[in-house]
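Asks: Dropping the structure in here first, questions after.
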Amino acid sequence: MIEKITSHTFTGLFKNKSIQNFIFLITIQASNIVITLISMPLLIQSIGVDGFGLVNLSLSVIILANILVGFGYNLSGPREVALLQNDKESLSHVVSNVVFSKVLMALLATIGLIVAVFGLNMFKEYQWILLFSVLLLFSEATLPLWFFQGMEKMKLISIANVFSKLLYLMGIVLFIHAPDSAKWVNFIMGASGLGVNILLLLYIHYMLEIRFYKPKFLQLFASLKDNGLLFLSNIATHISVHGGLIILSFFSVAEVLGMFSLAERISMVLRMFPSMVIHSIYPNTSKLLKDDIRQFVLFLRKAYFGTMITALIISLFTFAMAPFIIELLAKTRLEESVTYLRILAFIPLLACLNIANVVMFLGRDQKELMFRSSWILLLFMLPACLSLTYLFGGMGLCYGLLSTELVVLLICTILNLLKNRDLMNAFWKSKY
């Protein structure tokens, strides 16, 4: 009995690799949030609301391009690495394939953006800001987060992430002082990340004795083919979640973009909450689903309803404190941003409603259902947000984004009823 009790002490928990990895993942996200919150008022004061809006618009384009760079490896990579932890030769080939593939995709994405800017004359208002932002593509390509997740060694990369963000913040303080320096904001972020990532790859090579091979074409092609479904799902999901600012740019001036992007950045930070919950409970729910549906249902219910209560508190708090939050970050009263934030404050709550559906998909490795739901959602989101933004501007876009969260809940629920009715019945109707 004493052994059972002591095995559940805090010391014992922190020695568990899964708990450690979760804590370090939280550290990475928390550092990103803190640096974002610190940098926003600095940037608004230095480059103005207009410049801040264009910088974030460029960042939104880069985030979409990073889907091509990632190509699903951030989901498939950790699994492959975990299976080959003790086989350095095979692990070297996997690491080489992933890194080479992602760098190749970064080059293709960069060429695409250059053609769009100079060949098609797109992104007119922020062309140079966007071109200086392409370094973020190579920062994403060289980020070995997936490797350290698979190796269950997250401490080093969490420290490295904090260090790169501090370098970015220092760069803003030292070099960003006027509106015409807006083009350097994302460049500094990319340079900081790329420099730290190269050091991490050197650590992987020299300290962990992982070799880098020139990958064979057939292996590379097979790897890209296997990740195709995840890649396509990520495209649709990212456009649905992050495409709002790009849509607004078609119909609004830079000042409106700046005020909306301020509110959107806050809501996107809050929207990370349901995603982090899914990533934290997914491994355990997968094991429980394989061994004991009853325990799976009990665990998922506790996590689901606990998350819903927390999300409701977060949304209500953000709604009530919106004027204070906007003034704290912008150092001035922006009533339009306050209005946007009060609407977008409920996006995390609506996103949490879909946690159970997503966990069921992941638990049964139903990639095709994730693919279907993401693309059906995109087919709704684009016309809905375009039309509402055209008619009502930023307010219309806010309501369009809220309706998107409700629609994806409906889509995923229907797909689960069709393909996972046993789990749905157990979750909602049983008396476990």
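Asks: Given the conditions (1) within 29 Å of Ala322 (Cβ to Cβ); (2) over 17 Å from the mean Cα position of the chain (by Cα); (3) buried (at least 21 other Cβ atoms within 10 Å of the Cβ), and given that Pro348 satisfies all but one, which numbered condition is not satisfied?
Replies: Of the numbered conditions (1) within 29 Å of Ala322 (Cβ to Cβ); (2) over 17 Å from the mean Cα position of the chain (by Cα); (3) buried (at least 21 other Cβ atoms within 10 Å of the Cβ), the odd one out for Pro348 is (2).
Asks: Of everything in the stretch 356-372 that's open to solvent by less than 50 Å² (accessible area, probe 1.4 Å) and within 18 Å of the chain's Cα centre (by Cα), which residue is farthest from Glu264 (Cα to Cα)?
Replies: Leu362
Asks: Related question: From Val95, Val99, Val81, grab the single residue that is surrounded by 14 or more Cβ atoms within 10 Å (Cβ to Cβ), modelled with pLDDT under 85, part of a helix (DSSP H, G or I) and not basic (Lys, Arg). Break it down stepwise before answering.
Replies: Values: Val95 fails: modelled with pLDDT under 85; Val99 fails: modelled with pLDDT under 85.
Checking each option against the conditions leaves just Val81.
Asks: While we're looking at this one, here's another question. Can you tell me which residue among Leu397, Leu402, Leu388 is modelled with pLDDT of 90 or more, touching a Phe, Trp or Tyr at 6+ places or on another chain (Cβ under 8 Å), of a type outside the set (S, T, N, Q) and open to solvent by less than 20 Å² (accessible area, probe 1.4 Å)?
Replies: Just a single option satisfies the conditions, and that option is Leu397.
Asks: Given the conditions (1) open to solvent by less than 30 Å² (accessible area, probe 1.4 Å); (2) touching a residue at least 60 places away in the same chain (Cβ under 8 Å), and given that Leu42 satisfies all but one, which numbered condition is not satisfied?
Replies: That leaves (1) as the condition not met.
Asks: Based on what the data block shows, is Ile129 farther than 30 Å from Ile204 by Cβ and surrounded by 20 or more Cβ atoms within 10 Å (Cβ to Cβ)?
Replies: The answer is yes for Ile129.
Asks: Let me ask something additional. Could you check the stretch 280-303 and list, in sequence order, the residues that are charged (D, E, K, R) and either at pLDDT below 75 or outside any helix (DSSP H, G or I) (or both)?
Replies: Just the residues of the stretch 280-303 that are charged (D, E, K, R), to begin with: 287, 290-292, 294, 301-302.
Selection gives Lys287, Lys290, Asp291, Asp292.
Asks: Helices (runs of 4 or more DSSP H) wholly in the stretch 339-432 with at least 1 residues that are over 24 Å from Lys290 (Cα atoms), touching a Pro at 6+ places or on another chain (Cβ under 6 Å) and of a type outside the set (D, E, K, R) - which ones?
Replies: On the way: elements: 347-352, 355-363, 367-419, 421-428.
Correct list: 347-352.
The values are calculated or read from the model by the stated rules, or taken from the named source; none is laboratory data. Just so it is clear, the structure is predicted and the values come from calculations on it, not from any experiment. All Cβ positions, glycine included, derive from the backbone under ideal geometry; neighbour counts span all protein chains shown. Just the protein is used for accessible areas: all its heavy atoms, side chains included, with ligands, DNA and RNA removed. Shrake-Rupley method; radii C 1.70, N 1.55, O 1.52, S 1.80 Å.
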